[in-house]
Amino acid sequence: MYNQLEIESHLDGKLQIAYLNDEKTYNSLNKTLLAELRKFVHDGSRDENVRCLAISGRGKAFCSGQNLKDAMSLGDADEERVIQRMVIDFYNPLVKEIANARKPVISLVNGPAVGAGAMLALICDFTLATVSSYFSQAFVNIGLIPDTGGTYWLPKLLGRQQANYLAFTGKKLSAKEAKNLGLIADVFEDENFLENSMAILEQISNSPTKAISLTKKAFNESYDNTLTQQLDIEGILQQEAAESADFMEGVSAFLEKRKPEYKGK
């Protein structure tokens, strides 16, 4: 089913983790891998049994960014717009798939995340990282601009000054620095990373998935809405959440003073 992704299933299938699995290139991105990542998110988003999706890397790196040889193989050396085709045909569909996924998509950064690899981590709903990890907007080092949603998300996550600084310099940002800037959610010691991250993934896998999906949708729409528009959206989506089985279970559990058992519906 997958050639360049290694998939692990946990919690009776509720949690699915995709591992980038090419240690020789430090998990560099190519057309096949990008297409498989998109399929992983697409299929998991629509599988009623799946409650949470995660992306990580095997070996010493999370992802070293685009495999340039693969990108240039799209056409003849003299053909124009090779990089643009790579972005439009492979990167943009993946970015949109993650943004619109009905399930939370979480990145587990186990090592360096560079260029498009850094953005792959950051476009997920939130990012957990080992303390030894770092993030670098290395596009500038080869004369490119941040892609994979970089020009959209970095100014929103960091503000204009920090976004420009990191994009213009390609600075290696430690995981702790990234957390302090609000770029990622949390950092754990390397030896405790698996245990701590799995505890968070398990919590989310057992949470009311419908509410998380609607929260994600509301946050995504907020970037283009006025306050009045967003309040209207809140009302609509809150009603949809209130009609879910998870809401009824949450209320019943509260009144009965027991732990809720959410089904994600």
- Query: Which sequence of Lys265, Lys31, Lys69 reflects their accessible areas, 1.4 Å probe, from the largest down?
  - Reply: Lys69, Lys265, Lys31
- Message: Per 0.36 nm of contour for each residue apart, how much would the distance between Asp186 and Arg58 grow if the chain were fully extended, relative to their Cα-Cα spacing?
- Response: 44.1 nm
- Leaving out ligands, DNA and RNA, what percent of the accessible area of the stretch 47-195 is carbon and sulfur, probe 1.4 Å? 51 percent
- Task: Provide Rg over Rh for the stretch 1-152; use the alpha carbon set for both Rg and the Kirkwood Rh (inverse mean inverse pair distance).
- Result: 0.96
- Specify which labelled value, from [x] 1.04; [y] 1.13; [z] 0.95, agrees with Cα Rg over 2.2 N^0.38 Å derived from the coordinates of the model shown. [x]
- Scan around Val109 for amide H atoms under 5 Å from its own, H built in the peptide plane at 1.01 Å from N, and keep only partners 5 or more places away or cross-chain. Leu128, Ala129, Thr130
- Rounded to the nearest 0.05, FRET efficiency between Gln230 and Val82 (Cβ-Cβ, R0 41 Å) equals 0.55
- Long-range amide H partners of Asp22 with built H, under 5 Å: Asn27, Arg58
- Calculated [θ] (222 nm, deg cm²/dmol) that DSSP helices of n ≥ 4 give over the chain, each run adding -39,500 (n - 2.57): -13500 deg cm²/dmol
- Between the modelled labels at Leu11 and Ser222 (7 Å from Cα along Cα→Cβ) the distance in nm is 2.3 nm
- Could you tell me how many degrees, from 0 to 90 and to the nearest 10, lie between the Cα long axis of helix 160-169 and the main elongation axis, the longest principal axis, of the Cα atoms of the chain? 40 degrees
- Query: Check Val50: other-chain or 5+ apart residues with amide H under 5 Å from its amide H, H built from backbone geometry?
  - Reply: none
- Between helix 227-242 and the chain: long-axis angle, C-alpha atoms, 0 to 90°, nearest 10: 60 degrees
- Query: If we sort 51-62, 112-123 on the protection proxy, mean other Cβ atoms within 10 Å, highest first, what's the order?
  - Reply: 112-123, 51-62
- Peptides 242-255, 140-153: what's the order by average Cβ count within 10 Å, highest mean first? 140-153, 242-255
- Query: In Å², what does the accessible area per residue of the chain work out to with a 1.4 Å probe?
  - Reply: 53 Å²
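The values are calculated or read from the model by the stated rules, or taken from the named source; none is laboratory data. This structure is a prediction, so every number in the text was calculated from the model and none was measured. Neighbour counts run over all protein chains shown; Cβ positions are idealised from the backbone, glycine included. Calculation scope for accessible area: heavy atoms of the full protein, side chains included, ligands and nucleic acids excluded. Shrake-Rupley method; radii C 1.70, N 1.55, O 1.52, S 1.80 Å.
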